[in-house]
Amino acid sequence: MNQTWWKESVVYQIYPRSFKDSNGDGIGDLRGIIQKLDYLQALGIDVVWLSPVYKSPNDDNGYDISDYRDIMDEFGTLADWEELLAGMHQRGIRLVMDLVVNHTSDEHPWFIESRKSKDNPYRDYYIWRPPRDGHEPNNWLSHFSGSAWQYDEATGEYFLHLFSKKQADLNWENPGVRAEVYDLMRWWLDKGIDGFRMDVINMISKTPGLPDAPVISPGDRYQYGGKYFLNGPRQLEFLQEMKVNVLSHYDLLTVGETPGVTPQDAIAYTHPETGALSMVFQFEHMHLDADRDESSRRSIKRWRLHDLKAVMTRWQKELENQGWNSIYLTNHDQPRAVSRFGNDDVYRVESAKLLATFTHLLQGTPYVYQGEEIGMTNVAFPSIADYQDIESVNIYWELVREKGMDPGAALALVHAKGRDNARTPMQWDAGSQAGFTTGEPWIKVNPNYPAINVEQALADPNSIFHYYRRLIQLRRQHSIMVYGVYDLILPDHDEIYAFTRTLEDERLLVILNFSSNTPVFSLPAGLDCPGADLLIGNYETDPSDDLHQLRLRPWEARVYRCKS
Ligand code: GLC
Ligand code: CA
């Protein structure tokens, strides 16, 4: 398999608004990140993915950009950003910027022009349609509730917004739009950045005619139109053009955020020769605890280990030698990993370490989201008024007002699935506001910060933080962790997720007890692990342990290296 630095890297995601506030206004900023670069270096990560820091009216916390070539006032200046980049590079850390080009803010100068008149030169930068029978041009639902169309008085037409009505979709059919995007990409690349995370990049090609979405939720006025805007007809063509014009001229990590992709789509995007991107974010495992994929935040069910094994194994096997994946359990849009896939109660530390073992031992590039390395958990604010996320607030009112759901049940969904779980301030110490700010934070801190914080984690040699550090170091020392072929074992076990990685004559055996019980692991017939040597584990172990009869402790994780 061809070797590249971005396969060998571990990426750390920073959500700047919630990472570290340097000036007491309650909002995280670039100088705050600069203060914490030594911390990131101590963790040992190779790459930082920075969520958007561009100028933005913050309807969706920076994912609504009004100037692609400048920094948001609250976050600092371009000079601060230059200093941040230099500080990272000095420490051997690469920087990946967020590229949000499916849509712009409605306050972007292009949109301000576009809405002025039907013959404005920027009109065709966006997707405008006349009313259909006095209503929206089609039945598409916005990701943030309500119609995906907004009527604009000035010209009597609607514009498309797959997200909020302050996030107008760009018209990628227009070559001028594509040229502008390539230009701004080069502008940042020429400043020396190391790649892009591409926001909802598989939504840029819409099916011509914008047909009505099939009715999945009978009785609802608007329906999910993914069929006509995910992986659309010109998607691969646009990415190839971007590759030829921009990407191929640099040595980059590019990761496409691609909801609804199948492994086959992912191969088309990331194939080592023909793909345009390094890797994608797929979402199948993010839907295991929901009734329906297209609205995973409006329902909750218990996820099953069988399903997790099936999904991850399919992705591991299908992409083998054909493409490359990112491995993540959380990000700024998802609940906290330990609360969702682990046990955030008695076994918080053990299960957070198990999940870390999982993400670092699968094939693909591991992503660590800020706070994951100290086992930060979900939060349950008592009132919807405590929530800041546009998506959660809109879902709550949609469920309560339109669907007549009990407010307590709607709040419980926000507690379990809401994006603010990941956006509470980073917990640096046990002091006021978790050491995040000297002022009032823009969103409340999680009340568990006196027990769960960085200062505590650094001081405790058995902390989740130090376990991550060891995993990251190990991944550097053992290329089998990066390149080894994955094979599932014990496929039917209800509590144990076990697999091997194989590279030439080397083998790793990964044993993960995804439960608070104490099941017995036993090597399947035909598989042996001679001279089993424990590479890492989250409990003390006895060297005389028998892999044919091994009682695991709650959320126990072990990785063995077998000699051949
Ligand atoms: C992506 C981002 C999310 C944002 C949306 C619209 O899914 O990760 O935070 O709300 O795109 O830009
Ligand atoms: Ca600040």
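The values are calculated or read from the model by the stated rules, or taken from the named source; none is laboratory data. As the structure is a computational prediction, the values presented were derived from the model and not from experiment. Note: ideal-geometry Cβ built from the backbone for every residue, glycine included; neighbour counts use all protein chains shown. These accessible areas exclude ligands, DNA and RNA; they are computed on the full protein's heavy atoms, side chains included. Shrake-Rupley method; radii C 1.70, N 1.55, O 1.52, S 1.80 Å.
Can you classify segment 109-168 as rounded, prolate or oblate using the Cα gyration tensor, where a ≥ b ≥ c are the square roots of its eigenvalues, rounded means a/c under 1.5, and otherwise it's prolate if a/b beats b/c and oblate if not? The shape class here is oblate. Based on every Cα atom in segment 484-562, Rg and the maximum pairwise Cα distance Dmax equal 11.7, 35 Å. Exposure check, 1.4 Å probe, all protein chains in place: Lys301 carries approximately 90 Å² of accessible surface. For Phe521, nonlocal amide neighbours, meaning residues 5 or more places apart or on other chains whose placed amide H falls under 5 Å from its own, are Leu550, Arg551, Leu552.
Once the C-beta distance of Ala42 and Glu402 is scaled by a Förster radius of 56 Å, the resulting FRET efficiency is 0.70 to the nearest 0.05. Sequence-ordered 3J(HN,Hα) estimates for segment 298-315 from the Karplus curve with 6.51, -1.76 and 1.60 and θ = phi - 60° stand at 9, 8, 9, 9, 5, 7, 10, 4, 4, 5, 4, 4, 5, 5, 5, 5, 4, 5 Hz, glycine and proline given as x. One quarter of the convex hull surface built on the alpha carbon atoms of the chain amounts to 25.1 nm², the projected area averaged over directions. Remark: relative contact order (segment 109-168) = 29 percent; criterion is Cα-Cα distance under 8 angstrom and separation of 6 or more residues. Our summary gives the chain a relative contact order of 13 percent, counting only alpha carbon pairs under 8 angstrom and 6 or more residues apart.
3J(HN,Hα) couplings calculated from phi for segment 266-277 with the Karplus curve 6.51 cos²θ - 1.76 cosθ + 1.60 (θ = phi - 60°) are, in sequence order, 4, 5, 4, 6, 10, 3, x, 9, 9, x, 9, 10 Hz; Gly and Pro show x. For Phe281, nonlocal amide neighbours, meaning residues 5 or more places apart or on other chains whose placed amide H falls under 5 Å from its own, are Gly256, Glu257, Thr258.
Quick one: compute the contact order of segment 199-260, relative version, from alpha carbon pairs under 8 angstrom and 6+ residues apart, as a percent.
Normalised by residue count, the contact order of segment 199-260 is 48 percent.
Taking all protein chains as they are arranged and a probe of 1.4 Å, the heavy atoms of Arg314 leave approximately 90 Å² accessible to solvent. Approximating the spin labels as points 7 Å out from Cα along Cα→Cβ, the Asp386-to-Ser479 distance works out to 5.0 nm. Highest mean packing comes first when the peptides 126-134, 276-284, 479-487 are listed by Cβ atoms within 10 Å, giving 276-284, 479-487, 126-134. Ranking Glu455, Glu153 by solvent-accessible area of protein heavy atoms (1.4 Å probe, all protein chains present), from largest to smallest, gives Glu153, Glu455. Remark: segment 194-205, residue by residue, has Karplus-estimated 3J(HN,Hα) of 10, x, 9, 9, 9, 4, 5, 6, 8, 10, 6, 9 Hz, where x stands for each Gly or Pro and the curve is 6.51 cos²θ - 1.76 cosθ + 1.60 at θ = phi - 60°.
In this structure, the amide hydrogen of Leu534, modeled 1.01 Å from its nitrogen in the peptide plane, lies closer than 5 angstrom to those of Arg561, counting only residues at least 5 positions away or on a different chain. Treating each Cα of segment 239-290 as one equal point scatterer and applying the Debye formula with no solvent, the log10 of I(q)/I(0) at q = 0.24 Å⁻¹ comes out as -0.89.
Applying 0.36 nm per residue to the separation of Leu78 and Arg470 and subtracting their alpha-carbon distance, the gain on full extension is 137.6 nm.
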